[in-house]
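**Q** Questions regarding the structure given below will be posed in turn.
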Amino acid sequence: MGQNSKEVWTLAEFRGGMINPVSYELLAWGRTLADDLEAELASVILGDEITSVETLFHEGADIVYIVDHKGLANFLPDVHSNVLTSLAKEHKPEIILASATTYGRTVMPMLSTKLETGLTADCTKLEIDPESKLLLQTRPAVGGNVMATIKTQTKPQMATVRPRSKKPLKPDQTRSGRILYKEFSPQFFESKYTWIGFEKDESSDSPIQEADIVIAGGRGMKDENNFDLLYKIAKKLNGVVGASRTAVDMGWIPYSHQVGLSGKTVSPHLYMAFGISGAVQHIAGMSSSDIVVAVNTDPDAAIFDVADFGIVGDALEILPIFLKKLGEKDG
């Protein structure tokens with residue numbers, strides 16, 4: 001396509017010398033939109049000593065914009081938003097998508113303000129209106145009780161989507177595209193922030209959004225000590241522990257484990273829910289799991305509506321049996 005062709009942008013994330021997997025999920029969202037608009041799909045990546053950008057082409061990108069500078073080694077929100085604002089004003093993309101990670105949730109509001117356009121957060125569905133060719137952005141509203149579809153009348157149209165809400169496209173090693181390096185003057189990398197450091201959440205070996213197996217507990221666990229049962233099962237299955245908002249609010253487990261609209265969205269191969277009734281907000285955060293197993297004393301619990309396998313029973317009676325089957329002997 002020519003220089004004046006339309007573009008759909010996705011904001012890739014580069015940290016720890018690697019491209020974050022959410023960058024590939026975004027390309028899966030963007031590929032369909034770009035095709036419907038007959039536009040090119042671009043991945044925009046900011047960082048220091050950026051490598052392996054060819055994988056972005058394999059996962060659907062037509063163009064990769066690269067800003068590689070030592071001033072981008074750490075995430076300083078004003079620096080990133082300044083650079084992205086300049087890029088967007090120069091290339092005028094139709095749509096800009098980011099993941100609803102800490103990065104996306106921080107930089108996208110700043111960017112939309114500077115571009116004087118709208119932003120729809122935490123979308124669960126994105127599609128192009130066949131008549132207006134505008135982006136239809138669907139997200140939960142009113143506490144997750146309704147789904148609202150939003151049109152942004154100004155350009156670019158901007159949205160964030162939750163991590164793990166869409167699987168990446170199957171990589172095509174034969175795909176290639178254009179790499180465009182963009183350079184900026186030193187003042188773009190001056191920040192009002194001071195980088196202090198980064199502390200990893202040590203309560204879990206890996207981020208819950210990236211887990212293939214999630215063992216989650218809710219009010220039915222009755223006590224924080226009973227979460228030890230979930231941790232033992234998670235260790236046996238090489239999974240991580242999740243929780244409902246109620247369990248987090250009661251102080252039984254840190255917020256980083258919370259699944260739902262006000263927590264994390266997960267899409268594991270296996271999601272096991274023990275003592276979770278299945279509030280709308282919780283289900284919105286895990287309903288895309290491949291296999292859902294639910295244990296609850298209430299046969300009418302909403303969690304059973306999305307479960308592939310259900311057990312009506314007390315989680316605290318079922319869990320020891322399950323552990324024994326997994327080879328646990330003495331608790």
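Just so it is clear, none of the values below were taken in a lab; they were calculated from the coordinates. This one's a predicted model, so the numbers in the text were calculated from it and none came from an experiment. No Cβ is skipped: glycine too gets one built from the backbone with ideal geometry, and neighbour counts run over all protein chains shown.
**Q** Grab the other residues whose beta carbon is less than 14 angstrom from that of N226, score K and R as +1, D and E as -1, and report the net.
**A** Taking every other residue near N226 into account, the sum is -2.
**Q** Dimensions of the chain along principal axes (Cα, Å, largest first)?
**A** Taking the Cα atoms of the chain, the three principal extents are 65, 47, 40 Å.
**Q** Can you give the helix-only mean residue ellipticity at 222 nm for the chain, where every DSSP H stretch with n ≥ 4 adds -39500 (n - 2.57) and the sum goes over all residues, rounded to the nearest 500 deg cm²/dmol?
**A** Calculated from helices alone, the mean residue ellipticity at 222 nm is -7500 deg cm²/dmol.
**Q** Using the Cα centre of the range 7-189 as the reference point, and only Cβ charges (+1 on K/R, -1 on D/E), how large is the resulting charge dipole? Debye, rounded to the nearest 20.
**A** On the way: 20 positive and 23 negative charges, 103 e Å.
About 500 debye.
**Q** Run the reach check for K92 against aspartates and glutamates, Cα to Cα strictly under 19 Å, same-chain hits fewer than 8 apart removed. What comes back?
**A** Partners found: E7, D35, D36, E38, E40, D62, E116, E183.
**Q** What lysines sit close enough to K89 to cross-link, taking a C-alpha to C-alpha distance under 27 Å and skipping anything fewer than 8 places away on the same chain?
**A** Answer for K89, where 27 Å is the Cα cut-off: K6, K70, K114, K125, K133, K151, K155, K182, K192, listed by chain and number.
**Q** Please tell me the relative contact order of the chain in percent, rounded to the nearest whole number, where contacts are Cα pairs under 8 Å and at least six residues apart.
**A** Over the chain, the number comes to 14 percent.
**Q** Provide Rg over Rh for the range 10-103; use the alpha carbon set for both Rg and the Kirkwood Rh (inverse mean inverse pair distance).
**A** Result for the range 10-103 is an Rg/Rh of 0.93.
**Q** Also, I was wondering about something else. How would H80, H91 line up from fewest to most surrounding beta-carbon atoms within 10 angstrom?
**A** Working: H80 22, H91 17.
If I rank by nearby Cβ atoms, fewest first, I get H91, H80.
**Q** All other residues with a Cβ under 14 Å from the Cβ of R245 taken together, and with Lys, Arg as +1 and Asp, Glu as -1, what is their net charge? Write down the numbers at each step before the final one.
**A** Details: positive: R219, K264; negative: D249.
Surrounding charge for R245 is +1.
**Q** Where does each of 217-225, 235-243 land if you order them by average Cβ count within 10 Å, highest first?
**A** 235-243, 217-225
**Q** Using only the alpha-carbon atoms of the range 7-189, report the extent along each of the three principal axes, biggest first, to the nearest angstrom.
**A** The Cα atoms of the range 7-189 stretch 44, 38, 27 Å along their principal axes.
**Q** Please list, short to long, the whole-number percent of alpha-carbon pairs of the range 115-170 in consecutive 10 angstrom bins beginning at zero.
**A** Here the calculated profile for the range 115-170 is 23, 48, 27, 2.
**Q** To continue, here is another question. Put a dot 7 Å past each Cα toward the Cβ at K222 and K200; how far apart are the dots in nm?
**A** 3.6 nm
**Q** How long, wide and thick is the range 208-325, going by the Cα atoms along their three principal axes, in whole angstroms, largest first?
**A** In descending order, the Cα extents are 31, 28, 27 Å.
**Q** Counting pairs of Cα atoms in the range 144-191, how many percent are more than 11 Å apart?
**A** Tail of P(r) above 11 Å: 85 percent of Cα pairs.
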